[in-house]
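What follows is one structure encoded as structure tokens, with my remarks underneath.
The values are calculated or read from the model by the stated rules, or taken from the named source; none is laboratory data. Please read all numbers here as calculations on a predicted model, not as lab measurements. All Cβ positions, glycine included, derive from the backbone under ideal geometry; neighbour counts span all protein chains shown.
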Amino acid sequence: MRKQLIPQAPQHCARTRPFVLLAPLLVTVLPACGDPMEFGQDLENPRVLGVHIESEEGHSWPATGEAARVELLLAGDDGPIEARVAYQVCFALETSSGVPLCGETTLADGTTELSASPSFAFMGEAPSSDEPRLAILGVGCTSGTPKLTDDPQLWSCSDDSAPLRFSFEATSKSLDNENPGLDETAILLGDERIPLQASDEPASCDDVPEVAVGESVTLDFTLDEAARSGTTDELLQISHFAEQGRLDRQFTIIDPDEEAHFELEFEAPDVTGPVKSYFVVRDDRGGTSWLSYSLCVVD
Amino acid sequence: MDYMADGRKWTVDPRLTSRLSVTETTTLKAGGGLYSQPPVYYQLMDEIGNPDLTPFRTLQTSLGVEENILQPLSIGVEGFYKHWYRRVTGTEGGVSPHFENAGTGRAYGLETLLKLQLSPKSQLFLAYTLARSERNDGNGEFRLFDADQTHNLQFTGSYDLGKGWIVGARFRYVTGNPTTPVTGSVYDATTDTYRALYGATNSDRNPAFHQLDLRVEKLWQLGPVGLTTYLEVMNVYNKKNIEGTMYSYDFSQSQGAQGMPIFPNLGFIVEY
């Protein structure tokens, strides 16, 4: 650019060494920004929020010959949603990117009935040497019939409603791992304890703390010690979701040697009524558990 | 002749260029040759790559003419064709052996360059390239290359006003780069993130890029020291060029990522 716009310097200067004394100065104009996009913690549409696998022995993946049950957490902006789910449990091909691809061995497949907590079962099986990864693939439909094929692009619902596509991968480290225990988790709003709820319970203003319309409050979480399966070497990832209002973030990460205690800001919506929120805890070893809680928004 | 240490392969790349003055004002030029490039190091690694990969090759050819029609005006036109073979491509889904020398490619086009110097104080350049660059990833179908630019127009000019004052301008117009549309996503319940599902590779494009830059500078000669002060304004008409795409957490929403807005820049250069 500079060479193109400026003629050669006079001869006595051409032999000298140019240098920039003061490089660009001045004014920047901020790029125009479009409308903000949706935040991950806002439940504006029906979504899959988690997949939980529990073997007969209480592990997060079944050993060979052991049965396991798979449960899905589905939610939208008005509480739990009902969906049919088509699923496949398989040993996955060794891939380096993208959605897992099933190999030749399928452990289970089928379609669940319309349910707010779709679940299905399968039996553990030892992988062959070239199929070390385990995967659950699925698609849920709030209406219509789900269709699951070899090509994720074609996972769809028969009535063209938005498909809820999901995948889950497990490795051998899930075999001796237990899902996070959350029953003794404490969530405080000030000094008031917020009751925990099962995820499929409807939101309610009965016996829950109140917050004013538009008010920002701080929620104080102390996770159950069992969130770490009795050891302290698990990294915990907590995902936060709210039907309405705004949580200040989607993720909280707690390092292995860190106390499982954190705070979360919540801004109440502009409408009154109960607001249901969810938290999903993953232990980085294939274990996943979740619970929900409600707050009552008042004038 | 080159030796690729990582893959332990030799390559031989003969090349030839020539220029022929047909008349006092007309010159023909032609060139051709082979070029080799080793795979990127990780593509050769055992666990995530394929150690048996070979360097990929390019055959490049060009034929052109330069014509000084009148003394202040010269025009150059050059056609080119490039062919890639043994291009390294990823296997579908990244399945082992992860990478193969299965790809080919081709690029062809026409470059023109016009220079006009009406006086010793002025310079004008106009360059335009019409091109198409495609790649075949081993599936028999050609797709657009990531940086394919159908039209690339560049204009630059400067004028010496005297007494150390110089003004200049540059204008660029470039076809937007190809992009691969996101057609949906799959929720990854292992990590609570979404994986994008993509449509046909490079089947979409960013909008065309265009930008005008202006510059004025003043040179003070202070004995052996030259002090130049310049003010340039880039993207004078504040074109909101889209240079990428940002997606929401689940890829259901997208926004264009805008490039540099209007940008005034004041600077000093000392030469001694």
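Observations on the structure shown:
- Pair list, Cβ under 6 Å, 6 or more apart: the range B:26-51 residue within 19 Å of B:TRP10 (Cβ to Cβ), other residue loosely packed, with under 15 Cβ neighbours inside 10 Å and among the basic types (Lys, Arg): B:GLY33/B:ARG15
- Spans of strands (runs of 3 or more DSSP E) in the range B:208-272 with at least 3 residues more than 7 Å from every other protein chain (Cβ to nearest Cβ): B:209-222, B:225-234, B:242-247, B:254-258
- Taking the range A:208-255 as the range and being more than 23 Å from A:LEU73 (Cβ to Cβ), hydroxyl-bearing (Ser, Thr, Tyr) and part of a loop (DSSP other than H, G, I, E, B) as the test, the residues that pass are A:THR231, A:THR232.
- Residues satisfying the stated conditions in the range A:143-165, i.e. touching a Ser or Thr at 6+ places or on another chain (Cβ under 6 Å) and either in a loop (DSSP other than H, G, I, E, B) or aliphatic (A, V, I, L, M) (or both): A:SER143, A:GLY144, A:THR145, A:SER158, A:ASP159, A:SER161, A:PRO163
- For B:SER96: the one exception among (1) surrounded by 15 or more Cβ atoms within 10 Å (Cβ to Cβ); (2) within 22 Å of the chain's Cα centre (by Cα): (2)
- Within the range A:272-289, the only residue that satisfies the criterion of being within 11 Å of chain B (Cβ to nearest Cβ) and of a type in the set (S, T, N, Q) is A:THR288.
- Summed over the range B:50-66, residues that are assigned to a strand (DSSP E or B) and surrounded by 16 or more Cβ atoms within 10 Å (Cβ to Cβ) total 8.
- Checking B:VAL216, B:VAL167, B:VAL174, B:VAL186 one by one, the residue that is within 30 Å of A:TRP290 (Cα to Cα) and modelled with pLDDT of 95 or more is B:VAL186 and no other.
- The condition of being free of Cβ contacts under 8 Å to residues at least 24 places away in the same chain, more than 14 Å from chain B (Cβ to nearest Cβ) and surrounded by fewer than 18 Cβ atoms within 10 Å (Cβ to Cβ) holds for only one of A:ASP255, A:ASP299, that being A:ASP255.
- Long-range neighbours under 7 Å by Cβ, at least six apart or interchain, first residue closer than 21 Å to A:GLU44 by Cβ and assigned by TED's automatic domain parsing to the domain that holds A:PRO100 within the range A:140-165, second of a type in the set (Phe, Trp, Tyr) and surrounded by 13 or more Cβ atoms within 10 Å (Cβ to Cβ): A:PRO163/A:TRP155; A:ARG165/A:TRP155; A:ARG165/B:TYR187
- Residues within the range B:22-47 that are within 20 Å of B:GLU66 (Cβ to Cβ), of a type in the set (A, V, I, L, M, F, W, C) and either in a strand (DSSP E or B) or in contact with a Cys (Cβ under 8 Å, 6 or more places away or on another chain) (or both), tallied: 2
- Tally, over the range B:125-164, of residues that are at pLDDT below 95 and either over 22 Å from the mean Cα position of the chain (by Cα) or within 12 Å of chain A (Cβ to nearest Cβ) (or both): 7
- Selection within the range B:175-191: residues that are more than 12 Å from chain A (Cβ to nearest Cβ) and not in a loop (DSSP other than H, G, I, E, B). The member of this set that is nearest to A:GLY50 (Cα to Cα) is B:THR179.
- None of B:TYR194, B:TYR230, B:TYR237 is of a type outside the set (Val, Ile, Thr) and farther than 17 Å from B:ASN265 by Cβ except B:TYR194.
- When B:ARG195, B:ARG172, B:ARG143 are checked against the criterion of being part of a strand (DSSP E or B), within 30 Å of A:HIS52 (Cα to Cα) and of a type in the set (D, E, K, R), B:ARG195 stands alone in meeting it.
- Candidates A:VAL51, A:VAL99 - the one that is of a type in the set (Val, Ile, Thr), outside the structural domain of A:VAL275 (by TED's automatic domain parsing), in a strand (DSSP E or B) and touching a residue at least 24 places away in the same chain (Cβ under 8 Å): A:VAL51
- For the range B:140-171, taking the residues that are of a type in the set (A, V, I, L, M) and exposed (fewer than 14 other Cβ atoms within 10 Å of the Cβ), the one that is nearest to B:ALA107 (Cα to Cα) is identified as B:ALA147.
- Residue within the range B:121-132 that is outside any strand (DSSP E or B), of a type in the set (S, T, N, Q) and buried (at least 16 other Cβ atoms within 10 Å of the Cβ) present: no
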